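J.: Sharing a structure below in structure tokens format, with a few things to ask.
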Amino acid sequence: MTISVGDKIPNMTLKTMGPEGPTDISTDSVFAGKRIVLFAVPGAFTPGCSNAHMPGFVTHVDDILAKGIDQIACIAVNDAFVLGAWQESQNAQQILMLADGNAEFTKALGLTLDASGFGMGLRSKRYALIADDGIVKYLGIDTKGVHDSSAETILAQL
């Protein structure tokens, strides 16, 4: 079952790249008591994610934060090393990169994508959500291209 507006983000452990390497981070520490924008990509360094999705959030990070958002986070079914390198290559230091290497969070949200036809295995659908204190207030899931999960759409929802 797919997470919906009004649902609570499950408390799980993800990874992020810290100064000493991959570090555990709980979703509660990311979402509790904060307004968060989370966007998900099928894969770091893939064309749509690198050329369209991430650049919109990098461009509009200040505009989104000015609307009362505490943090913008990006999640992918990749490891923390890959996401750290992608963050650097995208000049996305203001965006919290969350690694869901085993797709456990993605599965819990019901937002998996079978990309095995492209040799990528199980990945995340492309989506974005706005959460207030861990409760989903907006959820946009793209089935083709980047629209419902774009930075511009998120800005319009704020």
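The numbers here are math on the coordinates, done by the rules we state, and not lab data. As the structure is a computational prediction, the values presented were derived from the model and not from experiment. Don't worry about glycine lacking a Cβ; one is built from the backbone with ideal geometry, like all the others, and counts go over all protein chains shown.
J.: ³J(HN,Hα) across segment 63-79 via Karplus (A = 6.51, B = -1.76, C = 1.60, θ = phi - 60°), whole Hz, x for Gly/Pro?
T.: With the stated coefficients, segment 63-79 comes to 5, 5, 5, 5, 8, x, 8, 7, 7, 10, 10, 10, 10, 8, 7, 9, 8 Hz.
J.: Tell me, what HN-Hα J-couplings in whole Hz come from the Karplus equation 6.51 cos²θ - 1.76 cosθ + 1.60 at θ = phi - 60° for each residue of segment 82-88, using x for Gly and Pro?
T.: Those phi angles translate into 5, 5, x, 5, 5, 4, 5 Hz.
J.: Taking the highest mean first, how do the peptides 70-80, 50-60 order by number of other beta carbon atoms within 10 angstrom per residue?
T.: Put in order of decreasing packing, that is 70-80, 50-60.
J.: Calculate the translational D of the chain in whole µm² s⁻¹ from Stokes-Einstein, where the hydrodynamic radius comes from the Kirkwood formula applied to all Cα pairs, the temperature is 10 °C and the viscosity 1.306 mPa s.
T.: 104
J.: Determine ³J(HN,Hα), in whole Hz, for all residues of segment 148-156 in sequence, where each value follows from phi through the Karplus function 6.51 cos²θ - 1.76 cosθ + 1.60 and θ = phi - 60°; x replaces Gly and Pro.
T.: 5, 10, 6, 4, 5, 5, 4, 4, 5
J.: Can you pull out the trypsin sites (Lys or Arg not before Pro) in segment 50-158 that DSSP calls coil and that have at most 15 other Cβ atoms within 10 Å?
T.: Filter output for segment 50-158: 67, 144.
J.: Right, something else. Could you list which residues have their amide H under 5 Å from that of residue 75, counting only those 5 or more apart in sequence or on another chain, with H placed in the peptide plane?
T.: Hits under the 5 Å cutoff: 39, 40, 41, 98.
J.: Here's something else I'd like to know. By per-residue mean of other Cβ atoms within 10 Å, what is the highest-first order of 7-16, 93-102?
T.: Result, highest mean first: 93-102, 7-16.
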